[in-house]
Amino acid sequence: MGAHQPTRAEAEALLFEFTRSDALRKHARGVEQAMRAYAGWFGVTDPAEVETWGVVGLLHDFDYEQNPTQDTHLHVGCRILRERGWPEEMVLAIASHADYMGVPRDTPLRKALYGCDELVGFIGACVKVRPTKKLADLPVDSVLRKLKDKAFARSVDRACVYGGAEALGRPLAEHVAFVISALLPVAGEIGL
């Protein structure tokens, strides 16, 4: 018997149930959008599978606001997802974005989530310091320069940004350009 395939609406309801922060909700939406783009890049054409990629992106940090430590984040979230009957493939993909969970990034879905999470946040930080504060005006080389500046957006784990591009098998500049392009259609919605 196959597990229930959750809808995007169910995923968004779960996100909103556990996440009050507008910034975290916008981050989740940005990662969802980047994940949908990466599904296409990996050749995923089945709409249900693309939906899975998007939902994984939307929910990757749904428990973070209430469980912000390594001892609780994802441990609690994965338990909640399992208790509510979410497919194990999705639970493990969500868990895989944190090294401390020990879930191998051995599928395109898991590699993409790892590659998108920190980068989406970093791109957002880069946009906020641009003169126009518009994603459309963010050059790739500006993002690459800011990555080298350890004082800028210091909460972003650079190892995850570099490792994400590597896991996807893409040069960093190409990965950054792809994610910027993926986010453009939802820039207004996510405050960029």
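Every number here is computed from the coordinates shown, using simple stated rules; none is lab data. Just so you know, these numbers come straight off a predicted model, no measurement behind them. Using ideal geometry, Cβ is built from the backbone for each residue, glycine included, and neighbour counts are taken over all protein chains shown.
Key figures for this structure:
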read-out	value
Anchor residue 146: aspartates and glutamates whose Cα lies under 19 Å away (excluding residues fewer than 8 positions away in-chain)	117, 118, 137, 157, 166, 174
Dipole magnitude (debye, nearest 20) for segment 4-48, charges at Cβ of Lys, Arg, Asp, Glu	180 debye
Cross-link partners of residue 133 among aspartates and glutamates (Cα-Cα below 17 Å; sequence separation of 8 or more within a chain)	141, 189
Vicinal HN-Hα couplings computed from phi for segment 133-138 (Karplus, 6.51 cos²θ - 1.76 cosθ + 1.60; Hz; Gly/Pro x)	6, 10, 4, 4, 9, 9
Over segment 8-186, relative contact order from alpha-carbon pairs under 8 Å, at least 6 apart, %	21 percent
Charge dipole of the chain about the Cα centre (unit charges at C-beta), most positive-ward option of 135, 185, 7	135
Estimated inter-spin distance, residue 10 and residue 150, nm [label 7 Å along Cα→Cβ]	4.6 nm
Simple Cβ-charge dipole of segment 8-186, Lys/Arg +1 and Asp/Glu -1, about Cα centre, in debye nearest 20	820 debye
Mean residue ellipticity (222 nm) of the chain, computed from DSSP H runs ≥ 4 via -39,500 (n - 2.57), nearest 500	-18500 deg cm²/dmol
Listed peptides 172-185, 67-80 by packing density, highest first (mean Cβ within 10 Å)	172-185, 67-80
Cleavage-rule hits (trypsin sites (Lys or Arg not before Pro)) in segment 118-180: DSSP loop, at most 11 neighbouring Cβ within 10 angstrom	150, 154
Max mean-square fluctuation residue, GNM over the chain, Cα-Cα springs under 10 Å, options 104, 87, 131	131
